[in-house]
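Chemist: This is the structure I want to talk about, given as structure tokens.
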Amino acid sequence: MTDHDQDQTPKAPPKSARRRARELVLQGLYQWQVGGADEAAIEAYAPEMEGFAKADREFFVGTLRGVINQRANLIAQIASHIDRPFPELSPVEASVLMMGCFEMINHAETPYRVIINEGIELTKAFGGTDGHKYVNGVLDKIAAVIRPDEVAARRKGR
């Protein structure tokens, strides 16, 4: 292999505006859970975060506010699908699960598999070694409850 061949490594596809927004929401929720930052402080700081200019701002704000405001309902939805009390989850896993659950409830236009895959990718990027496997399993169970028709149609179509 020549030096020229090594320069031809494929680059990752550019991140979508939604993917960037999800990353920023995750970072904001982490600040909220771990650092005690409130919604206003997170939103004020967000424009300084890397990638904010290319993020879907409306999705970012709606998801951040929605998860924080609906946290009790989201945690209740998640609690029956996890193997430990919710507060014992890592902050990254907890945030990704709340985001995924929120998006499944409030964004019917986004296929549940996309939401699960985004959660997996976020957890791989920001979470612990095998956290993405845990998130995958939990979000899959949540999808079967929140979007039973969509899940059944996908399983039937396999």
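We did not get these values from a lab; they are worked out from the coordinates using the rules stated. Computed from a prediction, not measured in an experiment: that's the story for all the values here. Glycine gets a Cβ as well: all are built from the backbone with ideal geometry, and neighbour counts include every protein chain shown.
Chemist: As a test of the formula, what do you get for the chain when each DSSP H run with n ≥ 4 contributes -39,500 (n - 2.57) and the sum is divided by the residue count, at 222 nm and rounded to the nearest 500 deg cm²/dmol?
Modeler: Numbers: 9 runs with 109 residues, N = 158.
The per-residue figure over the chain is -21500 deg cm²/dmol.
Chemist: Shifting gears a bit: Can you give me the C-alpha center-to-center distance between segment 33-64 and segment 97-121, rounded to a whole angstrom?
Modeler: Taking the Cα centre of segment 97-121 as reference, the centre of segment 33-64 is 18 Å away.
Chemist: Just to be sure I follow the rule: in the chain, considering lysines 8 or more places apart or on different chains, how many pairs have Cα atoms under 16 Å apart? Walk me through the intermediate numbers first.
Modeler: On the way: K15/K54; K15/K124; K124/K133; K133/K141.
Lysine pairs, 8 or more places apart or on different chains, close enough: 4.
Chemist: Note the full-extension length gain between D140 and T110 as 0.36 nm times their separation in residues minus their Cα-Cα distance, in nm to one decimal.
Modeler: Taking 0.36 nm per residue and subtracting the Cα distance, the gain is 9.3 nm.
Chemist: Scan the chain and report its longest stretch carrying no GluC sites (Glu not before Pro) that are both in a DSSP loop and have at most 13 other Cβ atoms within 10 Å.
Modeler: Values: sites that count: E50, E109.
In short, 51-108.
Chemist: Just want the answer: with Cβ charges of +1 for Lys and Arg and -1 for Asp and Glu, which residue in I116, A144, M104 is farthest toward the dipole's positive end in the chain?
Modeler: A144
Chemist: Sticking with this one: How big is the charge dipole of segment 45-158 about its Cα centre, in debye rounded to the nearest 20, if each Lys and Arg gets +1 on its Cβ and each Asp and Glu gets -1 on its Cβ?
Modeler: So the dipole magnitude of segment 45-158 works out to roughly 400 debye.
Chemist: In nm, give the distance between the simple-model label positions of S90 and F52, each being 7 Å from the Cα along the Cα-to-Cβ direction.
Modeler: That separation, rounded to one decimal, is 2.6 nm.
Chemist: OK, next. Would you mind classifying the chain by shape? Square roots of the alpha carbon gyration tensor eigenvalues, ordered a ≥ b ≥ c; an a/c under 1.5 is rounded, otherwise it is prolate if a/b is larger than b/c and oblate if not. Working shown, then result.
Modeler: Details: a/c = 1.64, a/b = 1.16, b/c = 1.41.
Oblate, since a/c reaches 1.5 and b/c is not below a/b.
Chemist: Given axes a ≥ b ≥ c from the Cα gyration tensor, I'd like to know whether segment 16-92 is rounded (a/c under 1.5), prolate (a/b larger than b/c) or oblate.
Modeler: Values: a/c = 2.09, a/b = 1.80, b/c = 1.16.
Prolate, because a/c is 1.5 or more and a/b exceeds b/c.
Chemist: Would you please give the FRET efficiency between K15 and A44, computed as 1/(1 + (r/R0)^6) with r the Cβ-Cβ distance and R0 = 25 Å, to the nearest 0.05? The partial results should precede the final answer.
Modeler: Values: r = 23 Å, r/R0 = 0.93.
Efficiency for this residue pair is about 0.60.
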